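Below is one structure, written out as structure tokens; comments come after it.
The values are calculated or read from the model by the stated rules, or taken from the named source; none is laboratory data. Predicted, not measured: the structure shown is a model, and the values here were computed from it. Glycine gets a Cβ as well: all are built from the backbone with ideal geometry, and neighbour counts include every protein chain shown. For accessibility, only protein heavy atoms count, side chains too; no ligands or nucleic acids. Shrake-Rupley method; radii C 1.70, N 1.55, O 1.52, S 1.80 Å.
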Amino acid sequence: MKKLLLLVFFTILFIRCSSTKNISSNSFSNSEIALISNAEASKPMRVYKITNKSDSLLLRTKSSYIKPNPDNENQQRFIKRLFTTVRDSMSLGVGIAAPQVGILKNIIWVQRFDRENFPFEVYLNPRIIEYSNKKQTVKEGCLSIPNRSDTLNTRYFTIKIEYDTQNNEHKTETVDGFTSVIFQHEIDHLNGILYLDHLEKEMKESKDRNK
């Protein structure tokens, strides 16, 4: 009887832990909801900067999966506010990732310079699954790295990505040129990586070659 009770106890504990894990990976935390709901959807959010210690720590943290749900009010409100932020006159970026406003979820907006009228589009859980051998040289800046831009030589010219839409459709797509750089930059943010990391690696490799 004692063994049976222990078995039931651990089974319940396992189910509760699994359930909690799924909830945390698919939804926003209380602190994230507070950030999302502290203003209307038409109001931009504060962009986190590496010049702020606590901001920098969050920017270096990997984001998590978000289950697409068009009926989730917090999710839709956040997507709208993230877009408002990237188009705000104080930002005016060509892309933005959720961690740049303090939300550790896999959501990005990207301006599609490879499409007519250069529209902005939102992507949930984007991931690069293929890289070309060809690379390109581009000048990059970042909303989270104020008053600075640098030239990188290691961005891939063509990438293949997979992602979810807001309506929970899973898609794959091949992107090249400057638009692929925006995707690489924003997906890096979801993994706690900044373009300065690539620049530092380039400089180290160049120094090693010249020894």
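G102: small (G, A, S) and on the phi > 0 side of the Ramachandran plot, yes or no? Please lay out each step first, then the result.
Details: small (G, A, S): yes; on the phi > 0 side of the Ramachandran plot: yes.
Judged against the criteria, G102 is a match.
Take segment 25-36 and flag every residue that is assigned to a loop (DSSP other than H, G, I, E, B) and out of contact with any Phe, Trp or Tyr (no Cβ under 9 Å at 6 or more places or on another chain).
Matches in segment 25-36: S27, S29.
Evaluate segment 115-128: report whether one residue or more is among the hydroxyl-bearing types (S, T, Y) and not in a loop (DSSP other than H, G, I, E, B).
Start the filter on segment 115-128 by keeping residues that are among the hydroxyl-bearing types (S, T, Y), which leaves 123.
Imposing the further condition that a residue be not in a loop (DSSP other than H, G, I, E, B) reduces the set to 123.
Within segment 115-128 (the criterion being among the hydroxyl-bearing types (S, T, Y) and not in a loop (DSSP other than H, G, I, E, B)), the answer is yes, since at least one residue qualifies.
How many residues are in a loop (DSSP other than H, G, I, E, B) and under 17 Å from the mean Cα position of the chain (by Cα) when one looks only at segment 45-68?
Number satisfying all stated conditions: 14.
Quick check: is even one residue across segment 87-96 crowded, with 18+ Cβ neighbours inside 10 Å, in contact with a Ser or Thr (Cβ under 8 Å, 6 or more places away or on another chain) and not in a helix (DSSP H, G or I)?
The first filter runs over segment 87-96 and keeps only residues crowded, with 18+ Cβ neighbours inside 10 Å, leaving 93-96.
From what is left, the residues that are in contact with a Ser or Thr (Cβ under 8 Å, 6 or more places away or on another chain) are 96.
So of that shortlist, the ones also not in a helix (DSSP H, G or I) come out as 96.
The answer is yes, given that some residue of segment 87-96 is crowded, with 18+ Cβ neighbours inside 10 Å, in contact with a Ser or Thr (Cβ under 8 Å, 6 or more places away or on another chain) and not in a helix (DSSP H, G or I).
Suppose we keep only residues that are without any contact (Cβ under 8 Å) to a residue 12 or more places away in the chain and on the phi > 0 side of the Ramachandran plot within segment 105-129. Which one would you say is surrounded by the fewest Cβ atoms within 10 Å (Cβ to Cβ)?
Of everything passing the filter in segment 105-129, N117 is surrounded by the fewest Cβ atoms within 10 Å (Cβ to Cβ).
The rows are residues; the columns are (1) surrounded by fewer than 15 Cβ atoms within 10 Å (Cβ to Cβ); (2) not aliphatic (A, V, I, L, M).
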residue	(1), (2)
T158	no, yes
Y195	no, yes
L199	no, no
E205	yes, yes
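Which residue out of L92, L59 is modelled with pLDDT of 95 or more and among the aliphatic types (A, V, I, L, M)? Explain how you work it out, then say what you get.
On the way: L92 fails: modelled with pLDDT of 95 or more.
Just one listed residue meets the conditions, L59.
In segment 130-148, what residues are open to solvent by 60 Å² or more (accessible area, probe 1.4 Å) and part of a strand (DSSP E or B)?
Of segment 130-148, the ones open to solvent by 60 Å² or more (accessible area, probe 1.4 Å) are 130-131, 133-135, 137, 139, 147-148.
E130, Y131, K135, T137, K139, N147, R148, listed by residue number.
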